[in-house]
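The values are calculated or read from the model by the stated rules, or taken from the named source; none is laboratory data. All of these numbers come straight from a predicted model, not from anything done at the bench. Positions of Cβ are generated from backbone atoms using ideal geometry, with glycine treated the same way; all protein chains shown enter the neighbour counts.
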Amino acid sequence: MTPLNILVLHRDPAQREALVSMLRRANHQVFEAESPANAAVQLGGSVDALLLDLRLPGLDIDDLRQALSSDKPTEPDSLDAAERRHLALVLRHTAGNKRRAALILGISRSTLLNKVRKYQLEDR
């Protein structure tokens, strides 16, 4: 399974550290912060998932979105890079179940297996 870039925003340092520790043991890349402003400095917008304490003092979802978004437009990915990323996302969603992933993608299982090999998405 492909590791995720996860941002943990939590006001309680002990709970934040427990979450971070658990996610790192699962081999994810984890960033932690007490505020959206701190998160923006650390990440530069590269996040797959967000664990958010909704009781953060002064939390403003629009400010958070702005802090996590890039100011400069990014160059589009190649078709291969976009396909690889989407396949990895679907495989993550199906917990590696290739039959179910093929159904979601609307392709045969053998086509999916060929793409998994092509993009080196095999379970490790």
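Structure above, values below:
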{"quantity": "Selection from segment 74-121 of residues that are under 18 Å from the mean Cα position of the chain (by Cα) and acidic (Asp, Glu)", "calculated": "ASP77, GLU83"}
{"quantity": "Unmet requirement for PRO73, which otherwise passes all of (1) over 30 Å from PRO13 (Cα atoms); (2) of a type outside the set (Lys, Arg); (3) surrounded by 15 or more Cβ atoms within 10 Å (Cβ to Cβ); (4) modelled with pLDDT under 80", "calculated": "(3)"}
{"quantity": "Filter result for ARG16 (at pLDDT 75 or above and part of a loop (DSSP other than H, G, I, E, B))", "calculated": "no"}
{"quantity": "Test: GLY106 is small (Gly, Ala, Ser) and touching a residue at least 24 places away in the same chain (Cβ under 8 Å)", "calculated": "no"}
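Conditions (1) closer than 23 Å to LEU19 by Cα; (2) among the aromatic types (Phe, Trp, Tyr); (3) at pLDDT below 75, marked per residue:
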| site | (1), (2), (3) |
| --- | --- |
| SER35 | yes, no, yes |
| ALA40 | yes, no, yes |
| ALA49 | yes, no, no |
| LEU52 | yes, no, no |
| SER78 | no, no, no |
| ALA101 | no, no, no |
| ILE104 | no, no, no |
